[in-house]
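What follows is a short report on a single structure.
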Amino acid sequence: MEASNFAPEEKSKRRLSYQTLEGIQRTTRALVATVKYTLGKRRTIDVEERDQTGKRKECYILGRTLQQDEAEHYFSRQRAMGGGSVHPSVSQFLQHQTVMEAHGN
């Protein structure tokens with residue numbers, strides 16, 4: 001169904017909130033800047049680095065390692081420490097927090 005076929009109230013429900021749009025824009029700008037910076041650094045450090053077979057090594061960025069803010073980073077670390085546990089207990093959460101504080105993270 002095309003967007004023009006929706007009633008006005010249905011169209012407004014399909015719009016992104018201001019906060020969501022702002023988050024997408026901020027994330028996109030940061031990702032573009034990160035890629036430009038990283039690829040620029042790579043060119044100045046090792047332009048023609050080769051692997052063991054003689055093929056040129058590829059440069060890449062793992063998007064999952066980028067966080068938008070400190071809270072996202074904190075909970076990302078909490079999830080990583082939980083391993084496969086999707087629903088950690090309060091005790092596990094506090095243990096992970098203690099470990100992170102001990103390591104200075």
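Every residue in region 66-105 that is without any contact (Cβ under 8 Å) to a residue 12 or more places away in the chain and of a type in the set (Val, Ile, Thr), please.
Residues satisfying the conditions are Val86, Val90, Thr98.
Just to be sure I understand the filter: pairs with C-beta atoms under 8 Å, separated by 6 or more residues or on different chains, first member in region 15-32 and loosely packed, with under 11 Cβ neighbours inside 10 Å, second member of a type outside the set (Asp, Glu) and outside any loop (DSSP other than H, G, I, E, B). Which pairs pass?
These pairs meet every condition: Leu16/Ile24.
Given the condition assigned to a helix (DSSP H, G or I), at pLDDT 70 or above and of a type in the set (Lys, Arg), answer yes or no: does some residue in region 51-74 qualify?
No, because not a single residue in region 51-74 is assigned to a helix (DSSP H, G or I), at pLDDT 70 or above and of a type in the set (Lys, Arg).
The values are calculated or read from the model by the stated rules, or taken from the named source; none is laboratory data. Nothing here was measured: the structure is a model prediction, and the numbers come from that model. Cβ: placed from backbone, ideal geometry, glycine included. Neighbour counts: every protein chain shown.
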